[in-house]
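The values are calculated or read from the model by the stated rules, or taken from the named source; none is laboratory data. On a predicted model such as this, the values are computed, not experimentally measured, just so you know. Here the Cβ positions follow ideal geometry from the backbone for every residue, glycine too, while neighbour counts run over all protein chains shown. Note: areas computed on protein heavy atoms with side chains; ligands, DNA, RNA excluded. Shrake-Rupley method; radii C 1.70, N 1.55, O 1.52, S 1.80 Å.
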Amino acid sequence: MKEEFKVISELVDEKSRVLDVGCGDGILMEYLSKNKVVDVRGLEISKEKVKKCLSNGLSVVEGDAEHDLKQFPDLSFDYVILSQTLQAFMSPENVIKDLLRVGKKVIVTIPNFGHWKVRVDLLFKGEMPITKNLPYEWYNTPNLHMCTIQDFYNFCNSKGISIFKTISLNGKKTSKITSSNLKFKNLISELGIFLLEK
Amino acid sequence: MSNFVKMKSITIKKPLKLDCGKEISNFPLAYETYGNLNEKKDNAILIFHALTGDQFASDINPVTNKEGWWNYAVGPGKAFDTEKFFVICANVIGGCMGSYGPGTIDPVTNKPIGTNFPVITINDMVNAQYKLLDHFKIEKLFAVAGGSMGGMQVLQFVSNFPNKSKVALPIACTASHSAQNIAFNELGRQAIMSDINWKNGLYDGKKFNPDKGLAVARMAAHITYLSKKGLQEKFGRNLQERSDLKFGFDADFQIESYLRYQGSVFVDRFDANSYLYITRAMDYFDLTKQYDGNLSKAFKDSKTKFFIISFTSDWLYPTSENKDIVIALNAIGSDVGFVEIKTDKGHDSFLLDVPDFLSTIKNYLNTTYLNINERRI
């Protein structure tokens, strides 16, 4: 299981209702339902992945977060999770708004474009960086809106979104991100994990 | 047509109040079962058939000697695995395979009831089939499932009996019959009623039946079950056993011949009046209206786990209408899964060998059965 999912599941209270947006193969959903006894649902755009989830008995709805989050009522989930998908939306701002409408709390993870390897690639190679979390070429990437941990942090502040916790993930190492170490963590983290509330 | 084969049936003695206001009692409901009911009686699946189906979902239908209508899906090791589950399927009331319908012989006149049969609804069909739970002493079904009109019955079943099934699988259906659906059904009914042998529905069911009208109804309906692409790929403009056009009105094209064949075999197994009654029941189906325009209300008392399936090329009950059900369920926080299966086979996909569709159902049912047992939900 991905380290990221372990961190996410630690943020989720037991017996809560969770919506995993862009749930993929449902690995996180399965982990949560086995270990946390939560009531967990998923939304996923890929037919193949939806079929896989349903085959495993997971309640996943085929759909696109940019259009299909609408059907979920306000605050109908304790947590809404968005794992490494924000950058692929046409309008990340609207999706975040909708996530915060549907969930009492929202967990968002960001592949960090501010990581030093990314910066070095661009600086020295002069080419768009390709990394473990961002494996695409510029011409076939689904990632339309890349951002750094710092960007997302600033975004939340400017939109009045409360950040409860920010966690840096680098390999298997996790650490806390605070306003004082933000610049440094933005350099060394592969992934930023944010726990948000409206 | 079904008089010479011994069929299983229960007699529903108590009066059943129909939506039309009439009451029926002491009437037969024919059914078939596959697999075995386990000791805990927690492995039963009630399958609802579509417009022209019957209780013979699997194996060989003893009346037509053809494969059961859902033979791809129901059987040992199949999507509805009869090695694990006990599958029950009944012929709807209004049908013509042993259940109470317009073809039933009225003991007073010794003739078919015909159009003296009361107009029935999906709700009436479901209420009649519910009696099967008593018959088998099943407290709670594991699942209810069905495609097309069978899916409508699934929705109606859960709304009528919110906690009598753990899982619900409505497939390629709608919560409310559309104007287009009604239009096609009306076309079929008009074809039957224009047949000189229909005689206001009082034909004798022996020598002179409105076969021509029924065949045309079937032909028209059959087109709606297929996709344009599917038809084009299967038939195109291919000619039927001829090298050139004959400049006449015989079946020059394969598609014409195919439809004529579909019409002609259909009349051997189906009663024209049943076709009228059942299409009427579908047209009257509007679950949203039953709940004051709010479909969510139909499911608000239910803890049933839903799995809804639609097909990309189904234009009769398109994905958007299936999604409306998903949206209504999500609006009240119900447990729902949904997938649109990619296929060119049109509405008929649910009856055909569509591997993705069948394997997803199979795995979903098997896993969910285990999960429910482990967690004792």
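Computed values, structure above
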quantity: Residues of the range A:7-54 buried by at least 50 Å² on assembly (accessible area, 1.4 Å probe, chain alone as reference); calculated: A:Arg41, A:Lys47, A:Lys51, A:Leu54
quantity: 17 Å Cα-Cα reach of A:Lys49 towards aspartates and glutamates, excluding residues that sit fewer than 8 places from it in its own chain; calculated: A:Asp20, A:Asp25, A:Glu30, A:Glu62, A:Asp64, A:Asp68, B:Glu340, B:Asp356
quantity: For the protein assembly as shown, accessible area per residue (1.4 Å probe, heavy atoms of protein chains only), Å²; calculated: 45 Å²
quantity: Listed residue pairs exceeding 23 Å between alpha carbons, taken from B:Lys164/B:Lys362; A:Lys52/B:Lys164; B:Lys137/B:Lys300; B:Lys13/B:Lys289; B:Lys303/B:Lys323; B:Lys13/B:Lys300; calculated: A:Lys52/B:Lys164; B:Lys137/B:Lys300; B:Lys13/B:Lys289; B:Lys13/B:Lys300
quantity: The range B:187-295: GluC sites (Glu not before Pro) in DSSP coil with no more than 13 other Cβ atoms inside 10 Å; calculated: B:Glu241
quantity: Separation of alpha-carbon centers, the range B:114-185 and the range A:10-88, rounded to whole Å; calculated: 30 Å
quantity: Distant-in-sequence amide H partners of A:Val61 (H built 1.01 Å from N, under 5 Å); calculated: A:Gly42, A:Leu43, A:Glu44, B:Phe338
quantity: Helix-only mean residue ellipticity at 222 nm for the protein assembly as shown, each DSSP H run of n ≥ 4 adding -39500 (n - 2.57), per residue, nearest 500; calculated: -10000 deg cm²/dmol
quantity: Sequence-distant residues sharing a close amide H with B:Gln55 (under 5 Å, placed H); calculated: B:Asn91
quantity: Solvent-accessible area buried by A and B, counting both chains, probe 1.4 angstrom, square angstrom; calculated: 1800 Å²
quantity: The protein assembly as shown, dipole about Cα centre (Lys/Arg Cβ +1, Asp/Glu Cβ -1), debye to the nearest 20; calculated: 1240 debye
quantity: Integer Hz, Karplus 6.51/-1.76/1.60 couplings in order for the range B:312-318, x for Gly and Pro; calculated: 4, 9, 7, 9, 7, 10, x
quantity: Peptide-level mean, for B:329-339, of C-beta atoms on other protein chains within 10 Å; calculated: 6
quantity: ³J(HN,Hα) computed for each position of the range B:38-43 - Karplus, 6.51 cos²θ - 1.76 cosθ + 1.60, integer Hz, glycine/proline x; calculated: 7, 5, 6, 6, 10, 10
quantity: Summed side-chain charge close to A:Pro92 - residues other than A:Pro92 whose Cβ falls under 13 Å, Lys, Arg +1, Asp, Glu -1; calculated: -2
quantity: DSSP-assigned coil residues among GluC sites (Glu not before Pro) in the range A:62-135, each with at most 13 further Cβ atoms within 10 Å; calculated: A:Glu127
quantity: Relative contact order (%) - chain B, alpha-carbon pairs under 8 angstrom, separation at least six; calculated: 18 percent
quantity: GNM top mover of A:Leu11, A:Leu32, A:Leu122 - chain A, alpha-carbon springs below 10 Å; calculated: A:Leu122
quantity: Debye-sum result for the range A:1-104 in log10 I(q)/I(0), which assumes one identical scatterer on each alpha carbon, at q = 0.23 Å⁻¹; calculated: -1.35
quantity: Virtual spin-label span in nm between B:Asn163 and B:Asn238, 7 Å along Cα→Cβ; calculated: 5.5 nm
quantity: Nonlocal amide H pairs with A:Phe113, under 5 Å, H built at 1.01 Å; calculated: A:Cys147, A:Thr148, A:Ile149
quantity: Chain B: translational diffusion in µm²/s, Stokes-Einstein, Kirkwood Rh over Cα pairs, 10 °C, 1.306 mPa s; calculated: 75 µm²/s
quantity: Links that overshoot a 27 Å alpha carbon limit, given the list B:Lys78/B:Lys140; B:Lys131/B:Lys345; A:Lys2/A:Lys176; A:Lys165/B:Lys305; calculated: B:Lys131/B:Lys345; A:Lys165/B:Lys305
quantity: Neighbourhood net charge (14 Å Cβ-Cβ; Lys/Arg +1, Asp/Glu -1) for B:Tyr291; calculated: -1
quantity: At least 30 Å² of accessible area lost relative to the chain alone, listed for the range A:58-77 with a 1.4 Å probe; calculated: A:Ser59, A:Val61, A:Glu62, A:Gln71, A:Pro73
quantity: Prolate/oblate/rounded label for the range A:41-198 (Cα gyration tensor, a/c 1.5); calculated: oblate
quantity: Relative contact order (%) - criterion: Cα under 8 Å, at least six apart; region: the range B:4-51; calculated: 31 percent
quantity: Loop trypsin sites (Lys or Arg not before Pro), the range B:37-106, which have at most 11 other Cβ atoms in a 10 Å radius of their Cβ (DSSP); calculated: B:Lys40
quantity: Relative packing of peptides A:107-116, B:162-171, B:350-359 - highest average C-beta neighbours within 10 Å first; calculated: A:107-116, B:162-171, B:350-359
quantity: Protein accessible area in chain B, 1.4 Å probe - carbon and sulfur %; calculated: 52 percent
quantity: Cα-projected label distance for A:Asn170 with B:Lys199, points at 7 Å along beta-carbon direction, nm; calculated: 9.1 nm
quantity: Calculated SAXS-style log₁₀ I(q)/I(0) at q = 0.15, 0.16, 0.18, 0.22 Å⁻¹ - the range B:182-277, Debye, Cα scatterers; calculated: -0.65, -0.72, -0.85, -1.06
quantity: In Hz, Karplus ³J(HN,Hα) per residue of the range A:55-62 (6.51, -1.76, 1.60; θ = phi - 60°; x = Gly, Pro); calculated: 4, 8, x, 8, 7, 10, 10, 6
